[in-house]
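The values are calculated or read from the model by the stated rules, or taken from the named source; none is laboratory data. Every value quoted in this text rests on a predicted model; they were computed, and no experiment measured them. Here the Cβ positions follow ideal geometry from the backbone for every residue, glycine too, while neighbour counts run over all protein chains shown. For accessibility, only protein heavy atoms count, side chains too; no ligands or nucleic acids. Shrake-Rupley method; radii C 1.70, N 1.55, O 1.52, S 1.80 Å.
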Amino acid sequence: MVIAILLFIVAGLAEIGGGYLVWLWLREARPLWYGLVGALILVAYGIIPTLQKFPSFGRVYAAYGGVFIVLAVLWGWLVDKKTPDLYDWLGAGICVIGVSVILWAPRH
C-alpha cells in the first residue's frame, strides 16, 4: 500500500510540476527549456501510473483524480503562495475519502 500511495504522489507531482513549467514558459515568458523540461515530465507522468499494481485502469485513474486535487491544493499553497480556505481543505478531504473507497472498498 505504501508503494501505491508513493506512486500516486509522484504521478501527481509530475503532472502538476510538468504542467506548471509549461505554464511558466507559455504564460510568463520563461525560456524554452522550461517548456521542454515540463513536456518531458508530463511524458513521465503518463508512464508512472502504469507501475501501479491495481488491475483496473479506470480505478487507478479515478483514485488518482482525488490525489491530484489534494496535491493541487498543496501546490497552490506552497508554490503559488495562495492560502487555501476551508472549502479547499474540505473538498480535498472528501477526495481522500473517495480515493479510499475506490481503491480499497470490498467488492463481491
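Here is how the numbers come out for the structure above:
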read-out: Acute angle (nearest 10 degrees) that the helix 57-78 long axis makes with the longest principal axis of the chain, alpha-carbon atoms; value: 50 degrees
read-out: Angle between the chain longest axis and helix 32-47 axis [Cα atoms, degrees, rounded to 10]; value: 10 degrees
read-out: Heavy-atom accessible surface of the chain: percent carbon and sulfur, 1.4 Å; value: 75 percent
read-out: Per residue accessible area in Å² of the chain, where ligands, DNA and RNA are left out and the probe is 1.4 Å; value: 66 Å²
read-out: Cα gyration tensor category, rounded, prolate or oblate, for the stretch 1-63 with a/c compared to 1.5; value: prolate
read-out: Ile5-Phe57 pseudo-label distance in nm [points 7 Å out on the Cα-to-Cβ vector]; value: 2.8 nm
read-out: Assigned charges on the beta-carbon of Lys, Arg, Asp, Glu; the chain dipole about Cα centre (debye); value: 220 debye
read-out: Degrees between helix 2-27 axis and first principal axis of the chain (Cα, 0 to 90, nearest 10); value: 30 degrees
read-out: Anisotropy class of the chain from Cα gyration tensor, a/c 1.5 cut; value: oblate
read-out: Global form of the stretch 28-74, assessed from the alpha-carbon gyration tensor, a/c cut-off 1.5; value: oblate
